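Notes follow once the structure below has been shown.
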Amino acid sequence: MLDATTKAKIDSARDILVGKVPDPKSQVEQITIALIYKFMDDMDRQSEELGGKATFFVGEFKKYRWAQLLDKRYSGHERLLLYAEGIEKMNENKNIPQLFRDIFKGVFLPYRDPETLNLFLKEIDGFAYDHSEQLGNAFEYLLSILGSQGDAGQFRTPRHIIDFIVGAIAPSKGDTILDPACGTAGFLISSFKYIQAHNTVDRSGDLLSADERERLMANFCGYDISPDMVRLSRVNMYLHGFASPRINEYDTLTSEDRWEDRFDVILANPPFMTPKGGIRPHNRFSIKSSRSELLFADYIVEHLKPGGKAGFIVPEGILFVEHGAYEKFRRNIVENDYLYAVVSLPHGVFKPYASVKTHILLLDRRIAAQTKSILYVDIESDGFTQTDTRLPVERNDIPYALNTLVDYRMNPKANQNASDIAGMASPEVYAVPKADILGSPGCALIGRWYNLASKYPKSPSVPFEPLESHCDFRPGLSPNMKTPPGEFPLVTPAEDRKTSDHFDMEGPAVCVPVVSSSGHGKADVKRLHYQEGKFALATTMLAVSPKPNSGISARYLYEVLSEMKDDYIAPLMAGATNVTLKQDLFEKILIPVPKPQAQKEIVEHAAWEALAERADALKAQLSHGIDGEKADEIVRLLDQAVSMLHQHAAQKRRIADLWRENG
């Protein structure tokens with residue numbers, strides 16, 4: 001457990017460096033090097049105090065000892081030269097383990113300011129720890145600041161998401177475990193802690209025999225393409241008790257050297273970004289693609305042992321993109337009983353560095369073979385806001401979701417029904433038959449598309465019919481930003497109309513956004529527009545018009561689609577970053593089709609309700625903007641008017657009435 005003093009010292013060390021070393025990754029590297037440097041000297045000092053000899057700083061390297069660096073007889077400039085020389089030569093020190101030599105390989109002091117170094121070394125000197133586990137906790141906190149995007153599109157996976165995936169997969173003490181894009185080894189460390197915790201009575205891992213512990217240390221393996229990440233992950237593993245971490249600098253997608261290796265457990269959050277020009281993988285992949293996220297997913301499936309299991313994060317595109325390689329991958333994991341569950345994560349999990357919609361794929365052939373369905377768990381809140389600040393909130397679906405998945409692992413055939421826990425809303429949990437998925441166009445794996453039918457009333461008071469039976473659909477033709485202004489309205493997703501020098505539509509029509517209006521990663525529809533007459537429509541919009549003699553009024557269509565937008569239209573929007581409406585599914589949604597008189601009453605109700613809302617807003621403005629008796633009188637009169645408007649609106653038939661079940 002990281003103590004507050006150690007955390008404060010790490011923060012202070014970063015504050016000292018930030019003026020000279022602004023890059024967070026470089027700050028982490030400099031603090032890492034200094035901590036390891038001091039840690040080696042502390043171990044030498046402990047050995048000497050116990051009557052032994054120094055091991056690391058001996059011979060020509062004795063002059064670089066930590067105590068020597070802090071000798072007050074040195075001037076600031078002399079100390080800087082000694083420290084810079086020490087860290088640059090340390091990889092040549094044959095008295096230290098090869099792991100440490102690798103850590104110091106290629107490092108250098110990126111600044112030449114004696115005052116900054118004096119302050120920095122003094123702060124590092126204040127670190128106190130009795131054993132490497134305490135340093136490991138400090139190092140984990142240090143790594144937590146590494147949130148910036150790497151060159152290959154890596155994002156640091158939040159600790160609670162890592163622990164959630166590990167808990168869902170439940171690795172055991174005999175499993176060989178791989179992370180093929182390991183970064184700082186977060187999944188490997190979490191798996192190690194999970195196994196220790198599940199083999200503990202009194203003290204950590206006390207149920208593990210010496211042989212089991214030795215085998216356990218050899219069972220963890222990680223690959224990463226970045227030398228910096230390999231260095232950091234090796235340190236992280238070493239500080240958690242791994243004397244010889246199996247972390248290899250290895251290009252998982254283009255090298256064949258380790259292709260024959262297979263593992264019991266694979267855990268990963270692979271890079272989503274594909275370099276310009278694509279990946280050029282070797283020809284042993286089962287699918288042909290140049291997309292890194294798809295190749296990593298295929299790699300994980302290919303490298304599981306027959307009884308293996310995996311949990312890994314994918315961008316939403318993998319679940320629905322209608323491209324041959326994507327569909328082949330999806331069909332493989334469903335038809336051949338790899339996939340048993342899909343967990344939907346909130347779009348803000350990787351904020352503030354990216355707003356991207358992601359899912360967790362859970363693979364286990366033993367479980368998948370026992371059921372004819374795929375389990376879906378849709379997490380709406382992970383315990384933090386979906387904003388850049390990521391502040392804690394009360395709602396947290398993670399514990400309930402994990403309990404659901406653990407229960408499902410124990411009994412895959414049992415029905416898993418969502419329910420409230422501790423008074424909080426729970427994630428939606430449902431099962432989708434594999435036959436429905438395999439029979440769908442493109443074998444899409446987005447659960448909410450299949451779950452939409454369950455939201456319709458079972459016995460509605462009016463018929464529900466497909467939208468495409470009653471409407472025509474026309475895509476917008478006018479660029480939002482480049483259309484010259486003029487005499488015609490230009491309808492865009494924004495609240496207010498723009499103008500256009502031409503028209504390409506003639507109403508009445510309901511204008512529906514086909515691109516999410518709430519930013520990358522978030523499938524949302526803020527508003528629909530109703531438009532009559534001649535108008536231009538932005539290319540990010542779709543015009544929906546009743547067919548002649550359809551029996552549907554355009555104004556009623558606007559009201560009912562506006563009512564349905566959050567629960568029925570927004571779920572049809574998909575994408576990892578740029579979120580767009582799946583039009584073929586939108587055309588098939590069911591809408592209530594009452595008789596013309598009922599449609600008229602609904603439109604009147606909506607008009608009265610809108611008038612009441614405007615009057616409410618005006619009353620609020622007046623009550624805050626005018627003082628005196630006259631203002632009080634105006635507010636009282638408006639109060640009466642608003643009350644009458646609401647009463648009149650309440651007498652009109654509400655859209656919600658159409659959704660009630662008979663009886």
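Partner lysines whose Cα lies under 24 Å from the Cα of K62, excluding those fewer than 8 positions away in the same chain, are identified as K38, K53, K72, K89, K94, K105, K122. What's the whole-number percent of alpha carbon pairs in region 255-343 lying beyond 18 angstrom? The share of Cα pairs beyond 18 Å in region 255-343 comes to 43 percent. For the chain, the longest principal axis of the alpha carbon atoms and the long axis of helix 76-89 meet at an angle near 90°. Each part reduced to its alpha carbon centroid, region 1-42 and region 188-226 end up 27 Å apart.
Return the carbon/sulfur percentage of the accessible area of the chain, one whole number, probe 1.4 Å, all protein chains in place.
50
If r is the Cβ-Cβ distance from D251 to K328 and R0 is 25 Å, what FRET efficiency results, to the nearest 0.05?
Numbers: r = 23 Å, r/R0 = 0.93.
Using R0 = 25 Å, I get an efficiency of 0.60.
Principal axis analysis of the Cα atoms in the chain yields extents of 98, 69, 51 Å, listed in decreasing size. When the P(r) is computed for region 1-84, the part past 17 Å accounts for 60% of the Cα-Cα pairs. Expressed as an acute angle from 0 to 90° and rounded to the nearest 10, what is the orientation of the C-alpha long axis of helix 186-197 relative to the principal long axis of the chain? So the inclination is approximately 80 degrees. Placing pseudo-labels 7 Å out from each Cα toward the beta carbon at K122 and T580 gives an inter-label distance of 5.9 nm. Seen from all directions on average, region 338-392 presents a Cα convex hull projection of 4.1 nm².
Length gained on full extension, S75 to K526, computed as 0.36 nm times the residue gap minus the Cα-Cα distance: 156.0 nm.
With the Cα gyration tensor of region 426-474 giving a ≥ b ≥ c as the square roots of its eigenvalues, does the rule (a/c under 1.5 for rounded; else a/b larger than b/c for prolate; else oblate) give rounded, prolate or oblate? Mind showing how you got there, number by number?
On the way: a/c = 2.25, a/b = 1.29, b/c = 1.74.
Judged from the Cα gyration tensor, region 426-474 comes out oblate (a/c at least 1.5, b/c at or above a/b).
Please name which of V377, L294, S355 has its Cα lying farthest along the dipole of region 280-419 towards the positive end, using unit charges on Cβ (Lys, Arg +1; Asp, Glu -1) and the Cα centre as origin. Result: L294, furthest along the dipole toward the positive end. Between N411 and H198, the contour length at 0.36 nm per residue exceeds the alpha carbon distance by 74.7 nm. Compute the acute angle (0 to 90°) between the alpha-carbon long axis of helix 292-302 and the principal axis of greatest extent of the alpha-carbon atoms of the chain; round to the nearest 10°. It is inclined by approximately 70 degrees. On the principal axes of its alpha-carbon atoms, region 458-586 has extents of 50, 39, 22 Å, going from largest to smallest. So, how do all the Cα-to-Cα distances of region 177-290 break down into 5 Å bins, in percent, from 0 on up? P(r) for region 177-290, in whole percents per bin: 2, 11, 19, 21, 18, 12, 8, 5, 3, 1, 0.
At full extension, E613 and T385 could sit 79.2 nm farther apart than now, given 0.36 nm per residue minus the alpha carbon distance.
The values are calculated or read from the model by the stated rules, or taken from the named source; none is laboratory data. For clarity, every value in this text was computed on a predicted model and none was experimentally measured. Note that we place each Cβ from the backbone using ideal geometry, even for glycine, and neighbour counts take in every protein chain shown. Remember, those area values only see protein heavy atoms, side chains included, never the ligands or the DNA or RNA. Shrake-Rupley method; radii C 1.70, N 1.55, O 1.52, S 1.80 Å.
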